[in-house]
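Undergrad: First the structure, which I've put down as structure tokens, then a few questions once you've had a look.
The values are calculated or read from the model by the stated rules, or taken from the named source; none is laboratory data. Since this is a predicted model, take the numbers as computed values, not measurements. Note that we place each Cβ from the backbone using ideal geometry, even for glycine, and neighbour counts take in every protein chain shown. Side chains are part of the model used for accessible areas, which takes the heavy atoms of the whole protein and leaves out ligands, DNA and RNA. Shrake-Rupley method; radii C 1.70, N 1.55, O 1.52, S 1.80 Å.
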Amino acid sequence: MNKEDLEMMTNLAKNVAIYRTKAHLTAKKLSRMIGKPPDFIDKLERLKLKRVPALYVIIAISFVLDVGLNDLTNEDYIKSLLEED
């Protein structure tokens, strides 16, 4: 994975975990809701996937969590909150 992909994956992992928790979903339930194996989201959040998920998977996650793609991929959610001050 190149530097840009790794940065995007890191942001995706952090933000999926945050928005998933806010939606009161387990990693296993979210995985099933997007049609992936039960451990998919867990692997994504722990940066254990070997490559960036396909765009349709990221879109499915954003749809289920009711957030935009930019919210999941562009920047770390916590970092953006801290920078707003």
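Undergrad: Out of the residues in segment 1-31 meeting the condition of being small (Gly, Ala, Ser) and part of a helix (DSSP H, G or I), tell me which one is surrounded by the fewest Cβ atoms within 10 Å (Cβ to Cβ).
TA: Among those that are small (Gly, Ala, Ser) and part of a helix (DSSP H, G or I), it is Ala17.
Undergrad: Let me ask you something else. Suppose the filter is among the acidic types (Asp, Glu), closer than 16 Å to Lys14 by Cβ and modelled with pLDDT of 90 or more; does Glu75 pass it? Steps first, please.
TA: Numbers: among the acidic types (Asp, Glu): yes; closer than 16 Å to Lys14 by Cβ: yes; modelled with pLDDT of 90 or more: no.
For Glu75, the condition - among the acidic types (Asp, Glu), closer than 16 Å to Lys14 by Cβ and modelled with pLDDT of 90 or more - is not met.
Undergrad: Can you go through Leu55, Leu69, Leu82, Leu44 and tell me which one is of a type in the set (A, V, I, L, M, F, W, C), within 11 Å of the chain's Cα centre (by Cα) and either at pLDDT below 95 or over 18 Å from Glu4 (Cβ atoms) (or both)?
TA: Going through Leu55, Leu69, Leu82, Leu44 in turn, the sole match is Leu69.
Undergrad: I'd like the full set of residues that are closer than 12 Å to Val64 by Cβ and aromatic (Phe, Trp, Tyr), limited to segment 1-52.
TA: Tyr19 - this is the single residue of segment 1-52 that is closer than 12 Å to Val64 by Cβ and aromatic (Phe, Trp, Tyr).
Undergrad: Out of segment 32-73, which residues are of a type in the set (A, V, I, L, M, F, W, C), assigned to a helix (DSSP H, G or I) and exposed (fewer than 15 other Cβ atoms within 10 Å of the Cβ)?
TA: Across segment 32-73, the qualifying residues are Leu55, Ile59, Phe63, Leu69.
Undergrad: Return the pair list, or none, for Cβ contacts closer than 6 Å from residues in segment 40-64 that are under 22 Å from Lys22 (Cα atoms) to residues that are open to solvent by 60 Å² or more (accessible area, probe 1.4 Å) and part of a helix (DSSP H, G or I), at least 6 apart or on different chains.
TA: Short answer, once both residue conditions are applied: Ser62/Leu69; Val64/Met33.
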